[in-house]
Amino acid sequence: MLRAVTNRLVILIPYFWLLFFFLLPFLIVLRIALSDLEYGQPPYAPQFSFSDGWEVISEKLSRLDFENFAFLAGDKLYINSYLSSLYIAFVSTILTLLIGFPLAYGMARAPENLRPILLMMVILPFWTSFLIRVYAWIGILKREGLLNQFLLWLGVIDAPLEILSTNKAVFIGIVYSYLPFMVLPIYSTLEKMDESLVEAARDLGCTRIAAFWKVTARLAVPGVLAGCLLVFIPAVGEFVIPDLLGGSGTLMIGKTLWIEFFNNSDWTVASAIAMILLIVLVVPIVWFQNAQARATEAGR
C-alpha cells in the first residue's frame, strides 16, 4: 500500500509542478492578453474573471474580440520582430552547431582520463554570472576593446572594426552563451556510440569521411536535434544579449516585449506578444517529441 502511494506521489509531483509554474501563469497571461488597455493600476481591464463561474466565463469568451492579437497581426513592427528573432536564432543555432559538433566529437574521442577535464572546461562558464559574461564581451568587442587591439597589433586591420552594437555582436554573444547547450547533448550521444561500427564500415570499403557521415553523423542526430532545440528556443526570446551587445537596429521580440511592458506600460499587448511567442516555441518542442517517439517505435 505504501509503495503504491509513493509511486503515485512520484507521478503527481511533476504534474503539480507544471500546474502551478506553467499552467496557472499561462492562464494569467492569457487573461491579460484578452483584456482591454486602461490607464490605471493595473493598466488593463479584464474582460472576465476566473471567479465569475464557468457559465459566465463561457458567455464572455464567446464575445471576445481578440483585439490585441489583431493589433499585432496588423503592425509590421511586431511581425518584423518575430521574423528577425527567428532569423537570428536560426543562424546562431547553425553557427553553434558548426562549432559545437567538432568540440563534442573531439571530447568523445579523447582518452577517458581527459574527458572529465574537457567536460569541466565546457561547463566552467556556468560558474560565472550570465550577465557578467555578456558585459565582458562589451570590453572585448568595442572599438578600443581587446579584439580590435589584438588585430591591430597583428597588422590584420588598419582601423578598428565596428562590431559592438551590430547583429554580429549578437551572434557572437548567443553562440558563446549557448555553446555548452549544443556540446553536451552531442557529446552524450557520441560518447555512448560503439566505435566498432565505424571500424565495420571501414572494413566494408568506406573511406574515413564516408564512414563518418554514414555512421557517426547519423547516430549523432538525436543529440544534434536536442542541442539545436536547447539553443534555438531560448535564443528566439533572448533579451539581455541583444539589449547589451546589439544596437538600436537590432530587432528581437524579447526586446520588443520588454519595451511594451516597461516603457509603454501596455501589459495587454505585451501579454499577447508572449502568448504568440509561446506558441512559436511550443511547435518545435512538440515536433521533436513526436520525432523521438517515432524513432523509438521504429527501433523496437
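The values are calculated or read from the model by the stated rules, or taken from the named source; none is laboratory data. Quick caveat: nothing in here was measured; it's all calculated off a predicted structure. All Cβ positions, glycine included, derive from the backbone under ideal geometry; neighbour counts span all protein chains shown.
Inspect all residues belonging to the stretch 201-209 and state whether any of them is more than 27 Å from residue 37 (Cβ to Cβ) and touching a helix residue (DSSP H, G or I) at 6+ places or on another chain (Cβ under 6 Å). Show your work before the answer.
If we filter the stretch 201-209 for residues that are more than 27 Å from residue 37 (Cβ to Cβ), which is where we start, we get 201-209.
Restricting the remaining residues to those that are touching a helix residue (DSSP H, G or I) at 6+ places or on another chain (Cβ under 6 Å) gives 201-202.
So far as the stretch 201-209 goes, yes, one or more of its residues are more than 27 Å from residue 37 (Cβ to Cβ) and touching a helix residue (DSSP H, G or I) at 6+ places or on another chain (Cβ under 6 Å).
Taking interchain pairs and intrachain pairs at least six residues apart, which have beta carbon atoms under 8 angstrom, with the first residue in the stretch 275-300 and under 25 Å from residue 85 (Cβ atoms) and among the aromatic types (Phe, Trp, Tyr) and the second at pLDDT 75 or above and surrounded by 12 or more Cβ atoms within 10 Å (Cβ to Cβ)?
Pairs found: 288/225; 288/226; 288/229.
If I filter the stretch 128-140 for residues that are loosely packed, with under 10 Cβ neighbours inside 10 Å and at pLDDT 90 or above, do I get at least one hit?
Yes, because at least one residue in the stretch 128-140 is loosely packed, with under 10 Cβ neighbours inside 10 Å and at pLDDT 90 or above.
As an exercise: evaluate residue 229 against (1) surrounded by 15 or more Cβ atoms within 10 Å (Cβ to Cβ); (2) farther than 18 Å from residue 178 by Cβ and give the number of the one condition it does not meet.
If we test residue 229 against (1) surrounded by 15 or more Cβ atoms within 10 Å (Cβ to Cβ); (2) farther than 18 Å from residue 178 by Cβ, just (2) comes out false.
Take the residues in the stretch 238-286 that are buried (at least 21 other Cβ atoms within 10 Å of the Cβ) and not in a helix (DSSP H, G or I), then tell me which one is modelled with the lowest pLDDT.
246
What are the residues in the stretch 170-207 that are part of a helix (DSSP H, G or I), more than 20 Å from residue 95 (Cα to Cα) and among the hydrophobic types (A, V, I, L, M, F, W, C), if any?
The answer is 197, 198, 200, 201.
Quick one: which residue in 29, 10, 56 is part of a helix (DSSP H, G or I), under 32 Å from the mean Cα position of the chain (by Cα), among the β-branched types (Val, Ile, Thr) and modelled with pLDDT under 80?
Every option except 10 fails the conditions.
How many residues, within the stretch 64-87, are polar (S, T, N, Q) and either over 22 Å from the mean Cα position of the chain (by Cα) or surrounded by fewer than 15 Cβ atoms within 10 Å (Cβ to Cβ) (or both)?
At the first step, the residues of the stretch 64-87 found to be polar (S, T, N, Q) are 68, 80-81, 84-85.
When the remaining residues are screened for being either over 22 Å from the mean Cα position of the chain (by Cα) or surrounded by fewer than 15 Cβ atoms within 10 Å (Cβ to Cβ) (or both), the result is 68, 80.
Number of matching residues: 2.
Out of contact with any strand residue (DSSP E or B) (no Cβ under 8 Å at 6 or more places or on another chain), more than 30 Å from residue 138 (Cα to Cα), polar (S, T, N, Q) and assigned by TED's automatic domain parsing to the domain that holds residue 142, is that true of residue 196? Break it down stepwise before answering.
Values: out of contact with any strand residue (DSSP E or B) (no Cβ under 8 Å at 6 or more places or on another chain): yes; more than 30 Å from residue 138 (Cα to Cα): yes; polar (S, T, N, Q): yes; assigned by TED's automatic domain parsing to the domain that holds residue 142: yes.
It is true that residue 196 is out of contact with any strand residue (DSSP E or B) (no Cβ under 8 Å at 6 or more places or on another chain), more than 30 Å from residue 138 (Cα to Cα), polar (S, T, N, Q) and assigned by TED's automatic domain parsing to the domain that holds residue 142.
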